[in-house]
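Here the structure comes first, spelled out in structure tokens, and everything after it is commentary.
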Amino acid sequence: MKDDEILNFPIEKLPNIEFKTNEPLSKYTFTKTGGNADTLAFPKTREELVEIVNTARENDIAITIIGNASNLIIKDGGIRGIVIILPNFKNIEVNGDKVTAEAGATIIDTTIAAQKSSLTGLEFAAGIPGSVGGAVFMNAGAYGGEIKDAFESAEVLLPDGKIVTLTHDDMNFSYRHSLVQENGGIVISATFALKQGDGDKIQAEMDRLNELRRSKQPLEYPSCGSVFKRPTGHFTGPLIIKAGLQGRIIGGAQVSMKHAGFIVNLGGATATDYMNLIHLIQRAIKYQFDIDLHTEVRIIGEDGK
């Protein structure tokens with residue numbers, strides 16, 4: 001990307017906020033792939049986040065938020081406009097039977113906080129590597145549970161700069177979907193309504209699920225997690241195996257030998273390698289089984305040149 005192609009967010013207007021320009025997003029994604037962000041912002045407070053959103057709107061600059069970048073593929077052409085990441089928003093508070101976590105806190109840390117207070121209802125998420133904001137955004141789930149099952153409300157910054165509280169009913173949750181995928185909102189924090197339980201039993205269940213994850217998922221390689229949504233009446237991994245694609249490699253990306261629903265970076269993979277392998281799998285599954293596979297992983301950015 002040439003310097004004159006960078007969309008200049010007026011960072012000089014917000015001197016107290018940390019920005020990086022023309023920043024490689026491969027440094028932040030779990031796949032270790034992705035092009036550059038024109039501008040990457042690291043707000044420390046809600047006020048700074050609102051300032052960034054308002055400034056972007058006033059200057060007609062696109063906003064992208066990438067969360068923990070765990071279930072995400074950023075294309076090799078990178079992202080125009082301003083990208084926001086929230087590692088500074090990581091506070092977690094427990095109040096009675098409720099846990100409130102800021103968007104940049106990890107779901108794993110949130111489940112640990114719940115367990116320490118003997119609160120049950122988030123065990124299924126004990127090994128999900130994403131942020132709270134990302135988990136709410138996509139209604140993340142594992143082992144029979146989904147975020148919607150424990151979700152009570154969220155503070156959300158809307159594109160017009162207003163902060164609103166959205167309830168469970170407002171969020172329009174469905175499989176890997178929430179309202180904030182549609183309205184352009186940014187999750188600031190989320191509150192989960194849990195129940196009192198036995199701390200030791202909660203920990204035992206978290207340990208059991210984490211051992212299942214370690215035994216079945218290719219955690220030893222960079223990946224974006226589960227790539228495809230589960231098609232009705234089928235499991236994705238077995239379909240890919242039946243299609244003869246387990247172990248298939250394009251560039252540095254491979255259909256995992258440990259779990260065919262994952263694509264791993266063996267070393268040096270590009271986002272284009274990932275995209276080409278995804279498209280190959282989709283075509284093969286459609287041709288062999290007449291089943292449409294849709295991606296669960298979020299794919300954003302511009303194609304590489």
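The values are calculated or read from the model by the stated rules, or taken from the named source; none is laboratory data. A quick note: this is a predicted structure, and the numbers were derived from the prediction, not measured. Backbone-built Cβ (ideal geometry, glycine too); neighbour counts: all protein chains shown. These area figures cover heavy atoms from the full protein model, side chains too; ligands, DNA and RNA do not enter into them. Shrake-Rupley method; radii C 1.70, N 1.55, O 1.52, S 1.80 Å.
A few points about this structure:
- Near pairs, Cβ below 6 angstrom, 6+ apart or cross-chain, from the stretch 145-161 (open to solvent by 20 Å² or more (accessible area, probe 1.4 Å)) to any residue that is modelled with pLDDT of 95 or more and among the hydroxyl-bearing types (Ser, Thr, Tyr): GLU152/THR191; SER153/THR165; SER153/THR167; SER153/THR191; GLU155/THR165; GLU155/SER189
- When residues of the stretch 241-252 are limited to those that are open to solvent by less than 50 Å² (accessible area, probe 1.4 Å) and within 25 Å of ASP76 (Cβ to Cβ), the one nearest to the chain's Cα centre (by Cα): GLY252
- Subset tally (residues that are touching a Phe, Trp or Tyr at 6+ places or on another chain (Cβ under 9 Å) and either on the phi < 0 side of the Ramachandran plot or open to solvent by 40 Å² or more (accessible area, probe 1.4 Å) (or both)) for the stretch 16-36: 7
- From THR31, THR39, residue being modelled with pLDDT of 95 or more, assigned to a loop (DSSP other than H, G, I, E, B) and either within 25 Å of ILE163 (Cα to Cα) or touching a strand residue (DSSP E or B) at 6+ places or on another chain (Cβ under 7 Å) (or both): THR31
- Only one entry of VAL227, VAL255, VAL264, VAL297 meets the criterion of being touching a Cys at 6+ places or on another chain (Cβ under 6 Å), crowded, with 18+ Cβ neighbours inside 10 Å and touching a residue at least 24 places away in the same chain (Cβ under 8 Å), and that entry is VAL297.
- Some residue of the stretch 32-52 being β-branched (Val, Ile, Thr) and more than 25 Å from ALA135 (Cα to Cα): no
- Scanning the stretch 52-86 for residues that are open to solvent by 10 Å² or more (accessible area, probe 1.4 Å), β-branched (Val, Ile, Thr) and either touching a His at 6+ places or on another chain (Cβ under 9 Å) or in a helix (DSSP H, G or I) (or both) yields one hit, THR55.
- So THR39, is it surrounded by 22 or more Cβ atoms within 10 Å (Cβ to Cβ) and among the hydroxyl-bearing types (Ser, Thr, Tyr): yes
- Residues located in the stretch 104-139, provided they are open to solvent by 20 Å² or more (accessible area, probe 1.4 Å), touching a helix residue (DSSP H, G or I) at 6+ places or on another chain (Cβ under 7 Å), hydroxyl-bearing (Ser, Thr, Tyr) and not in a loop (DSSP other than H, G, I, E, B): THR120
- Test: ASN8 is part of a loop (DSSP other than H, G, I, E, B), open to solvent by 40 Å² or more (accessible area, probe 1.4 Å) and not small (Gly, Ala, Ser): yes
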